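Below is one structure; the comments refer to it alone.
Bear in mind these aren't lab numbers, they're just calculated from the coordinates by the rules spelled out. The structure displayed is predicted, hence computed values, not measured ones. For neighbour counting, all protein chains shown are included, and Cβ atoms are generated from backbone atoms with ideal geometry for every residue, glycine included.
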Amino acid sequence: MKISRQLDGFLFDLDGSLYLGNELLPGASELLDFLDREEKKIAFITNNSSMSEVQIADKLLNLGIHAESKQIITPAKFAGEYIKEKYGLCRIFVIGSDFLKEKIKGSGHELCFNVDSPCDVVLIGRDLSFDYRKLEDGALLIQKGARFITSNLDGHHPIENGMNVPETGALTASLQKVVGIHPEVIGKPSPYLFNKALEIIDCRADATAIIGDNPETDILGGKSLGLYTIWLRYSSFWLHHEIEADFICKSLTELLIQLNQLSQIERSDEYLQNACQGMIEGN
C-alpha cells in the first residue's frame, strides 16, 4: 500500500497518534521535521477538551516538538464560537474543565450552575470530577428543553502503558442513556473542527491528510470532507473495524518512509518535466 496523492497539508491527531500520555511515539519528531523541511502546512486537531491550546503547545515542547498555539485546534477552543454561530448567546450548563467554562464565558455566554437555573444548552466535555449530581442536573435540564451538545464522542484515549481511560464520549453516553436523544457534536468526526483546521492552514481538503489512530473520529470525519485519510493502526482495539482509510500504517516511522519516497518521486518528475521543457525551448 502506497500513498497516492500529492499532499500540501497535514492534520495530526495527538493522543494515541503523536504521544501516549507523556511519552512521544517513535518517529514523531523525525516525521514532523521532515514535513517542515518539505514546507508542508501542519496543524494539530484533537478532541481534548480539558487542556488549552497553550497547555498543549507546552506539552509538545516538553516532548521536543515546537508548535504554535494557533496550530492547535480543540473543541474547547471553538465551543463558544460554535454555539454562538448556531444559537446566539446562550445560558449554558457546562459539565467539563475550568478551561472549557472559561472559554464559554469568554465568548459572551452566561454560565448556569444548577438545575434551577434557566438554561439553553447543556455542554459536556471531559470532566475529571464527573459525578452523579452533574449527570442528574444535566439530564433534568435537557428534559426541560435545553439543547444537548458534546465536545466529542471519543469513548476513551490510550495512556503510556497502552491501556485506555475514559474520555468525553463515555460521559456523554451516560447522559444520552438518561435523556434518550443524540447530542450535537463539535469535535471529530463532525466537520466543524476539520473546517476550522483547513481555514487555519489555508489548504484544500483534497490536498490535506488527516493522520490519526481512531477510525471512528479521525478517519470517518476526514473521509466525509474528502481529506486523504492515514490510519495509524497501533491498537488491537480497532483490529476488526470496517472503516477503510486511504493509507494504513503501523507506525509513524513507516509513514515517514512512504512520504519520503513520494517526495523523491515528485522531485524526479519535476526534474524530467523541466528537462523536457528545456529541450522543447531549445528546439
Just need the relative contact order of region 19-174 here, percent rounded to a whole number, with Cα pairs under 8 Å and 6+ apart. 20 percent
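What value, in deg cm²/dmol to 500, does the helix sum -39500 (n - 2.57) over DSSP H runs of n ≥ 4 give at 222 nm once divided by the residues of the chain? Present the calculation step by step, with values, prior to reporting the outcome.
Values: 9 runs with 114 residues, N = 283.
Mean residue ellipticity, 222 nm, calculated: -12500 deg cm²/dmol.
Rounded to the nearest 20 Debye, what is the dipole magnitude of region 1-138 about its Cα centre when Lys and Arg each give +1 and Asp and Glu each give -1 at the C-beta?
That gives region 1-138 a dipole magnitude of about 300 debye.
Can you tell me the dipole magnitude for the chain around its Cα centre, using point charges on the Cβ only (Lys, Arg +1; Asp, Glu -1), in Debye to the nearest 20?
That gives a dipole near 760 debye.
Take every DSSP beta bridge with both residues inside the chain and express the antiparallel ones as a percent of the total, to the nearest 5.
Here the share of antiparallel DSSP bridges comes out near 15 percent.
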For region 23-115, with +1 on Lys and Arg beta carbons and -1 on Asp and Glu, the positive-most of HIS66, ALA79, VAL115 along the dipole: VAL115
Please work out the Cα convex hull volume for region 1-132 and give it in Å³ per residue. 150 Å³
Please name whichever of HIS156, CYS90, LEU225 sits farthest to the positive end of the charge dipole of the chain, dipole taken about the Cα centre and charges placed at Cβ: Lys and Arg +1, Asp and Glu -1. CYS90
DSSP-defined beta bridges in region 1-117 - what % are antiparallel, rounded to 5: 15 percent
Here region 73-142 gives, from Cα atoms, an Rg and Dmax in Å of 11.3, 34
Which residues among region 99-126 fall inside the zone where the amide N is under 18 Å from a point 7 Å beyond the Cα of ASP58, along Cα→Cβ? 99-103
Provide the FRET efficiency to the nearest 0.05 for the GLU39-GLU242 pair, computing r from the beta carbons and using R0 = 45 Å. 0.80
Cα centre as origin, Lys/Arg/Asp/Glu Cβ charges: region 1-73 dipole, Debye: 220 debye
Expressed as a rounded percentage, what relative contact order does the chain have, with Cα pairs under 8 Å and six or more residues apart? 20 percent
Work out the FRET efficiency for ILE181 and ASP202 from their Cβ-Cβ distance, taking R0 = 30 Å, and round it to the nearest 0.05. 0.20
Rank VAL178, VAL122, VAL94 by mean-square fluctuation in a GNM of the chain with C-alpha springs under 10 angstrom and give only the top-ranked residue. VAL178
Most mobile of ARG147, ARG126, ARG37 in a GNM of the chain (Cα contacts under 10 Å): ARG37
Stretch SER224-GLU68 to full length: gain in nm at 0.36 nm per residue minus the Cα-Cα span? 53.4 nm
³J(HN,Hα), Karplus 6.51/-1.76/1.60, whole Hz, each residue of region 39-54, x for Gly, Pro: 6, 7, 8, 10, 9, 10, 10, 10, 8, 4, 10, 9, 10, 6, 5, 5
With 10 Å bins from zero, work out the P(r) of the chain over every alpha carbon pair and list the percent per bin. 6, 27, 32, 20, 9, 4, 2, 1, 0
Per-residue HN-Hα couplings for region 79-86, Karplus 6.51 cos²θ - 1.76 cosθ + 1.60 at θ = phi - 60°, whole Hz, x for Gly and Pro? 4, x, 5, 4, 5, 5, 4, 8
Under a Gaussian network model of the chain whose springs join Cα atoms within less than 10 Å, the largest fluctuation of HIS157, HIS109, HIS182 belongs to HIS182
